[in-house]
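*Asks:* Here it is: the structure, laid out below.
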């Protein structure tokens, strides 16, 4: 594609660097930016510049935060003896959204993935080991996706931490609430039968 | 959704202002930006800032250009007596990509659309009328999409310009090269039969 303007081409190229955005979509987005009030594009440009300079990670649980220690880690009303280990900040947001979990988090920043060249050293695993050694932790909940990489990461973490007097758990796998049995995939169905729970009226 | 950081939230909000990008996609993109080398996000931010300040439109045909008069309008090898009227710069790029059209362009900047509150005054129609009055124009090709708005715009332009000694044409509508007849929509098929062209071997 030949662009009639270098300024246009540069903007399209940079937008097309984002995952899932091709050259065509990038061009559509950039032309949209040119047709809307320029203040909105200035705001976007500044927000991205701010993102690079202004983003901080909680030094304790490594979630994205505007402070050195995030609101969850600082909150005395939360149970800091339970750590929910997640991959990234999206998982923290999803769990926080339910309003049901009152423990603390530890954000790994990814999963161990030899295919993508991500080893344990690039994740915040040592920081989790330090937390476990320093703090009174009762339970660690592994809330990672049940992919090969997720399972590998959980297994690695478990081996690193298993000497301590901690209960380990993973989030329950099974059919989603409202899912039809006949459409469930085999692996999920097998798992949901294997890990069946005693029926009690009080749960409903 | 509750964001753990205002910086993050602002970036997500601004990205989600773009068409076709929801909050979830915006968050995914922003987290991707945080995981890649920050120089790339700085480059994106600067390209967008540059877009606002540095973009220019050709004063003659209104396409996006880095100069006051674009390369096509300035090119003495092109036939400036033929103007191809298009909606936006993407159409110019698509036609230029074929390498077959040697005339000039006029970029309207949109279509007349009462539904979206776009009247003739917001488009570069007066500028086209001025070109026709000042220059020796032999032919005007309407290359607008065949939607209600496109047809309305063509009709309006034709009424504005029809007193002059100019040939008017629209790009051919019909089955695409390689299209199967049985899958063509009715309107296109009817049109392709109505506007059939004499068979000549030399065209192949």
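*Asks:* State all residues of the range A:22-37 that are surrounded by fewer than 16 Cβ atoms within 10 Å (Cβ to Cβ) and either at the interface with chain B (Cβ under 7 Å from one of its Cβ atoms) or touching a helix residue (DSSP H, G or I) at 6+ places or on another chain (Cβ under 7 Å) (or both); if no residue qualifies, say none.
*Replies:* First pass over the range A:22-37, keeping only residues surrounded by fewer than 16 Cβ atoms within 10 Å (Cβ to Cβ): A:22-24, A:32, A:35-37.
A:22, A:23, A:32 - these are the residues of the range A:22-37 that are surrounded by fewer than 16 Cβ atoms within 10 Å (Cβ to Cβ) and either at the interface with chain B (Cβ under 7 Å from one of its Cβ atoms) or touching a helix residue (DSSP H, G or I) at 6+ places or on another chain (Cβ under 7 Å) (or both).
*Asks:* Among the candidates B:78, B:173, single out the residue that is exposed (fewer than 15 other Cβ atoms within 10 Å of the Cβ) and in contact with a helix residue (DSSP H, G or I) (Cβ under 7 Å, 6 or more places away or on another chain). If you could, list the steps in order and put the result at the bottom.
*Replies:* Values: B:78 fails: exposed (fewer than 15 other Cβ atoms within 10 Å of the Cβ).
B:173 is the lone residue from the list that is exposed (fewer than 15 other Cβ atoms within 10 Å of the Cβ) and in contact with a helix residue (DSSP H, G or I) (Cβ under 7 Å, 6 or more places away or on another chain).
*Asks:* Got a number for residues in the range A:189-201 being part of a helix (DSSP H, G or I) and within 20 Å of residue A:144 (Cα to Cα)? Full working, then the answer.
*Replies:* So the first thing to find is which residues in the range A:189-201 are part of a helix (DSSP H, G or I), and the list is A:189-194, A:201.
Now drop any that are not within 20 Å of residue A:144 (Cα to Cα), which leaves A:189-192, A:194.
Qualifying residue count, the range A:189-201: 5.
*Asks:* Against the condition at the interface with another protein chain (Cβ under 7 Å from one of its Cβ atoms), modelled with pLDDT under 95, touching a strand residue (DSSP E or B) at 6+ places or on another chain (Cβ under 9 Å) and closer than 20 Å to residue B:50 by Cα, how does residue A:5 come out, does it pass?
*Replies:* Working: at the interface with another protein chain (Cβ under 7 Å from one of its Cβ atoms): yes; modelled with pLDDT under 95: yes; touching a strand residue (DSSP E or B) at 6+ places or on another chain (Cβ under 9 Å): yes; closer than 20 Å to residue B:50 by Cα: yes.
It is true that residue A:5 is at the interface with another protein chain (Cβ under 7 Å from one of its Cβ atoms), modelled with pLDDT under 95, touching a strand residue (DSSP E or B) at 6+ places or on another chain (Cβ under 9 Å) and closer than 20 Å to residue B:50 by Cα.
*Asks:* Can you confirm whether residue B:19 is surrounded by fewer than 14 Cβ atoms within 10 Å (Cβ to Cβ) and in contact with a helix residue (DSSP H, G or I) (Cβ under 7 Å, 6 or more places away or on another chain)? Quick ask: steps written out before the conclusion?
*Replies:* Details: surrounded by fewer than 14 Cβ atoms within 10 Å (Cβ to Cβ): yes; in contact with a helix residue (DSSP H, G or I) (Cβ under 7 Å, 6 or more places away or on another chain): yes.
Taking the combined requirement at face value, the residue satisfies it.
*Asks:* Within the group B:86, B:12, which residue is within 24 Å of residue A:36 (Cβ to Cβ), surrounded by 22 or more Cβ atoms within 10 Å (Cβ to Cβ) and more than 10 Å from chain A (Cβ to nearest Cβ)? So that I can check it myself, show each step before the final result.
*Replies:* Working: B:12 fails: more than 10 Å from chain A (Cβ to nearest Cβ).
Selected residue: B:86, the only one of B:86, B:12 that is within 24 Å of residue A:36 (Cβ to Cβ), surrounded by 22 or more Cβ atoms within 10 Å (Cβ to Cβ) and more than 10 Å from chain A (Cβ to nearest Cβ).
*Asks:* Follow-up. Check whether at least one residue in the range B:108-128 is in contact with a helix residue (DSSP H, G or I) (Cβ under 6 Å, 6 or more places away or on another chain), within 11 Å of another protein chain (Cβ to nearest Cβ) and modelled with pLDDT under 95, and report yes or no.
*Replies:* Within the range B:108-128, none of the residues are in contact with a helix residue (DSSP H, G or I) (Cβ under 6 Å, 6 or more places away or on another chain), within 11 Å of another protein chain (Cβ to nearest Cβ) and modelled with pLDDT under 95.
*Asks:* What residue, of A:121, A:99, is over 13 Å from the mean Cα position of the chain (by Cα) and at positive phi? Write out each step before concluding.
*Replies:* On the way: A:121 fails: at positive phi.
The conditions single out A:99.
*Asks:* Can you tell me which residue among A:27, A:51 is within 23 Å of the chain's Cα centre (by Cα), at pLDDT 90 or above and part of a helix (DSSP H, G or I)?
*Replies:* On the way: A:27 fails: within 23 Å of the chain's Cα centre (by Cα).
Just a single option satisfies the conditions, and that option is A:51.
*Asks:* Still on this structure: Looking at the range B:176-188, is at least one residue in the same structural domain as residue B:88 (by TED's automatic domain parsing), more than 16 Å from residue B:87 (Cα to Cα) and not in a helix (DSSP H, G or I)? Break it down into steps so the answer makes sense when it comes.
*Replies:* Pass one, the range B:176-188, residues in the same structural domain as residue B:88 (by TED's automatic domain parsing): none.
No: zero hits.
*Asks:* Can you confirm whether residue A:73 is assigned to a helix (DSSP H, G or I) and either facing chain B (nearest Cβ under 7 Å) or within 21 Å of the chain's Cα centre (by Cα) (or both)? Spell out how you get there, then give the answer.
*Replies:* Working: assigned to a helix (DSSP H, G or I): yes; either facing chain B (nearest Cβ under 7 Å) or within 21 Å of the chain's Cα centre (by Cα) (or both): yes.
Against the criterion (assigned to a helix (DSSP H, G or I) and either facing chain B (nearest Cβ under 7 Å) or within 21 Å of the chain's Cα centre (by Cα) (or both)), residue A:73 qualifies.
*Asks:* Checking the condition surrounded by 11 or more Cβ atoms within 10 Å (Cβ to Cβ), over 26 Å from residue A:2 (Cα atoms), touching a residue at least 40 places away in the same chain (Cβ under 8 Å) and in the same structural domain as residue B:62 (by TED's automatic domain parsing), which residue from B:137, B:118 passes?
*Replies:* On the way: B:118 fails: touching a residue at least 40 places away in the same chain (Cβ under 8 Å).
Of B:137, B:118, the one residue that is surrounded by 11 or more Cβ atoms within 10 Å (Cβ to Cβ), over 26 Å from residue A:2 (Cα atoms), touching a residue at least 40 places away in the same chain (Cβ under 8 Å) and in the same structural domain as residue B:62 (by TED's automatic domain parsing) is B:137.
*Asks:* With B:40, B:59 as the choices, which residue is more than 9 Å from chain A (Cβ to nearest Cβ) and touching a helix residue (DSSP H, G or I) at 6+ places or on another chain (Cβ under 9 Å)? Break it down into steps so the answer makes sense when it comes.
*Replies:* Working: B:40 fails: more than 9 Å from chain A (Cβ to nearest Cβ).
Result: B:59 is the single residue among B:40, B:59 that is more than 9 Å from chain A (Cβ to nearest Cβ) and touching a helix residue (DSSP H, G or I) at 6+ places or on another chain (Cβ under 9 Å).
*Asks:* Against the definition (in contact with a strand residue (DSSP E or B) (Cβ under 6 Å, 6 or more places away or on another chain) and either in contact (Cβ under 8 Å) with a residue 12 or more places away in the chain or not in a loop (DSSP other than H, G, I, E, B) (or both)), how does residue A:104 come out, yes or no? Lay out the reasoning, then the answer.
*Replies:* Values: in contact with a strand residue (DSSP E or B) (Cβ under 6 Å, 6 or more places away or on another chain): yes; either in contact (Cβ under 8 Å) with a residue 12 or more places away in the chain or not in a loop (DSSP other than H, G, I, E, B) (or both): yes.
Yes.
The values are calculated or read from the model by the stated rules, or taken from the named source; none is laboratory data. Quantities reported herein were computed from a predicted structural model and do not represent experimental measurements. Every residue, glycine as well, gets a Cβ built from its backbone with ideal geometry; the counts of neighbours run over all protein chains shown.
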